[in-house]
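Read the structure below first, then the notes.
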Amino acid sequence: MDIKENLAKNLMLYRKAKGLTQAELADKLNYSDKAVSKWERGESVPDLAVLKQLADFYGVKIDTLIAEPKKAVLNSNKNSKKRVAIYLCSTGLVWLIAVLSYAMINLIFPSITHTWLSFFYAIPITFIILLIFTAVWKKPWVNTIAISLVIWSTLLAIFLTLLVSLINPPRTLWMIFLIGVPAQLLTIFFLMYRKTR
């Protein structure tokens, strides 16, 4: 297989790994989707400046883009596994802190009730970490889902806190979830706006 074929296959591989269509990639590079399509079919090759821009965008070296696709796949899989490992370690730390908080408060201050709420506050923090990582890793759909999960889990934690903390919680306390409706709509509108840019 020659360099041109390697490049074509790797460009398609990395674009799909990023979850982008040819049109979305073309938009980010200020090129037409027809040009991207020709690169991926091996009908033409991007010039050196665009090749460098693509390598930077995918977080790889130009050598990787022209290497045999099997090596590129291995590099792509390694990056995915590293990302998952980083995320799992980060969320594991959040839950470790939640468990330690729960245990220490119960040991030191046994009169304090409702310490189980620490676990409900760990949920939105977990999703905030997911939100940060997906923003850095440029995963817009996962990012939108993470924002939604942050909104609803935060509202749930607040609802439960008020429910157990207030002596006579109002019957309309559930209305706190209504805050999530416009917040969710704003999240969807923001995603639609980003897609049109």
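The values are calculated or read from the model by the stated rules, or taken from the named source; none is laboratory data. This is a predicted model, so every value here is computed, not measured. When we count neighbours, we look across all protein chains shown, and the Cβ atoms used for this are built from the backbone with ideal geometry, even at glycine. We work out accessible area using only protein heavy atoms, side chains counted, and drop any ligands, DNA or RNA first. Shrake-Rupley method; radii C 1.70, N 1.55, O 1.52, S 1.80 Å.
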(request) Among the aspartates and glutamates, select those whose C-alpha is under 14 Å from the C-alpha of K52, and discard any that sit fewer than 8 residues away in the same chain. (result) D63
(request) Working from Cα positions, state the angle (0 to 90°, nearest 10) between the long axis of helix 48-58 and the longest principal axis of the chain. (result) 20 degrees
(request) For the chain, build the charge dipole from Cβ charges (+1 Lys, Arg; -1 Asp, Glu) around the Cα centre, then report which of L107, I125, L88 sits farthest towards its positive end. (result) L88
(request) Answer rounded, prolate or oblate for segment 130-171, using the Cα gyration tensor with square roots of eigenvalues a ≥ b ≥ c: rounded when a/c is under 1.5, else prolate when a/b is larger than b/c, else oblate. (result) prolate
(message) What number comes out for accessible area per residue over the chain if the probe is 1.4 Å? Units Å², please.
(response) 64 Å²
(message) 5 Å is the cut-off here: which amide hydrogens, built 1.01 Å from N in the peptide plane, fall below it relative to E68, excluding neighbours closer than 5 in sequence?
(response) none
(message) Using only the alpha-carbon atoms, how far is helix 117-136 inclined from the longest principal axis of the chain? Give it as 0 to 90 degrees, nearest 10.
(response) 20 degrees
(request) On a C-alpha basis, how far is the centre of segment 149-186 from the centre of segment 25-44 in Å? Whole number, if you could? (result) 47 Å
(message) To the nearest 20 Debye, how big is the dipole of the chain about its Cα centre, given +1 on the beta carbon of each Lys and Arg and -1 on that of each Asp and Glu?
(response) 220 debye
(request) Output the direction-averaged projected area (hull surface divided by four) of the convex hull of the alpha-carbon atoms of the chain, in nm². (result) 14.1 nm²
(request) Name the residue, out of I105, I151, I129, whose mean-square fluctuation peaks in a Gaussian network model built on the chain with Cα pairs under 10 Å. (result) I105
(request) Select from segment 100-170 those chymotrypsin sites (Phe, Trp or Tyr not before Pro) which occupy a DSSP coil region and have at most 12 other Cβ atoms within 10 Å, ordered by residue number. (result) W116
(message) As a quick test, which of the pairs K4/K138; K38/K61; K16/K38; K34/K82; K4/K61 have an alpha carbon distance above 23 angstrom in this structure?
(response) K4/K138; K34/K82
(request) Give me the percent of the accessible area of the chain that comes from carbon and sulfur atoms, probe 1.4 Å, all protein chains in place. (result) 70 percent
(message) Can you tell me the orientation of helix 3-17 relative to the chain, as the angle in degrees between its alpha-carbon axis and the longest Cα principal axis, to the nearest 10?
(response) 20 degrees
(request) Treating only the Cβ atoms of Lys and Arg (+1) and Asp and Glu (-1) as charged, compute the dipole magnitude of segment 67-174 about its Cα centre; round to the nearest 20 debye. (result) 580 debye
